[in-house]
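Peer 1: Here it is, the structure, as structure tokens.
The values are calculated or read from the model by the stated rules, or taken from the named source; none is laboratory data. Note that the structure is a prediction, hence the values are computed from the model and not measured. All Cβ positions, glycine included, derive from the backbone under ideal geometry; neighbour counts span all protein chains shown.
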């Protein structure tokens with residue numbers, strides 16, 4: 001699956017990009033119809049410690065799955081977002097099997 005990574009307001013290092021790419025590519029194990037993904041990293045201006053935000057958009061035929069999570073680190077935000085996407089993929093597969 002093709003994974004595009006963008007960071008808003010800062011330059012993401014190679015280690016963070018590799019981590020996000022590997023996590024997103026693992027979603028392929030849950031569905032073979034996923035086509036591409038986009039990952040956005042943002043630093044949010046807030047007083048909270050959880051000011052690192054990851055948005056992940058995954059395209060499948062006829063659908064676009066999306067998750068947006070904030071955490072203390074970008075890695076944690078990616079973990080939370082990919083877990084949310086995995087749940088969405090499971091629901092999508094369940095609906096397809098019922099048809």
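To keep it simple, each residue is scored yes or no on (1) touching a helix residue (DSSP H, G or I) at 6+ places or on another chain (Cβ under 8 Å); (2) modelled with pLDDT of 95 or more; (3) in a helix (DSSP H, G or I).
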position: 31; (1), (2), (3): yes, no, no
position: 34; (1), (2), (3): yes, no, no
position: 41; (1), (2), (3): yes, yes, no
position: 78; (1), (2), (3): yes, yes, yes
position: 82; (1), (2), (3): yes, yes, yes
position: 90; (1), (2), (3): no, no, yes
position: 93; (1), (2), (3): no, no, yes
position: 97; (1), (2), (3): no, no, yes
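Peer 1: Hey, residue 11 hits all of (1) surrounded by 11 or more Cβ atoms within 10 Å (Cβ to Cβ); (2) modelled with pLDDT of 90 or more; (3) not in a strand (DSSP E or B) but one; which does it fall short on?
Peer 2: (1)
Peer 1: Say we look at the stretch 46-55 and pick out the residues that are part of a loop (DSSP other than H, G, I, E, B) and surrounded by 13 or more Cβ atoms within 10 Å (Cβ to Cβ); which of these is modelled with the highest pLDDT?
Peer 2: Restricting to residues being part of a loop (DSSP other than H, G, I, E, B) and surrounded by 13 or more Cβ atoms within 10 Å (Cβ to Cβ), the top hit is 51.
Peer 1: Follow-up question, since we're still on this one. Of the residues that sit in the stretch 23-62 and are within 25 Å of residue 90 (Cα to Cα) and without any contact (Cβ under 8 Å) to a residue 12 or more places away in the chain, which one is farthest from the chain's Cα centre (by Cα)?
Peer 2: 62
Peer 1: Moving to a separate point now. Give 20, 67 a once-over and let me know the one that is in a strand (DSSP E or B), touching a helix residue (DSSP H, G or I) at 6+ places or on another chain (Cβ under 8 Å) and in contact (Cβ under 8 Å) with a residue 12 or more places away in the chain. Before you say what the answer is, go through the steps one by one.
Peer 2: On the way: 20 fails: in a strand (DSSP E or B).
So the residue among 20, 67 that is in a strand (DSSP E or B), touching a helix residue (DSSP H, G or I) at 6+ places or on another chain (Cβ under 8 Å) and in contact (Cβ under 8 Å) with a residue 12 or more places away in the chain is 67.
Peer 1: If you don't mind, another one. Is it the case that residue 58 is in contact with a helix residue (DSSP H, G or I) (Cβ under 8 Å, 6 or more places away or on another chain), surrounded by 13 or more Cβ atoms within 10 Å (Cβ to Cβ) and assigned to a helix (DSSP H, G or I)?
Peer 2: Against the criterion (in contact with a helix residue (DSSP H, G or I) (Cβ under 8 Å, 6 or more places away or on another chain), surrounded by 13 or more Cβ atoms within 10 Å (Cβ to Cβ) and assigned to a helix (DSSP H, G or I)), residue 58 does not qualify.
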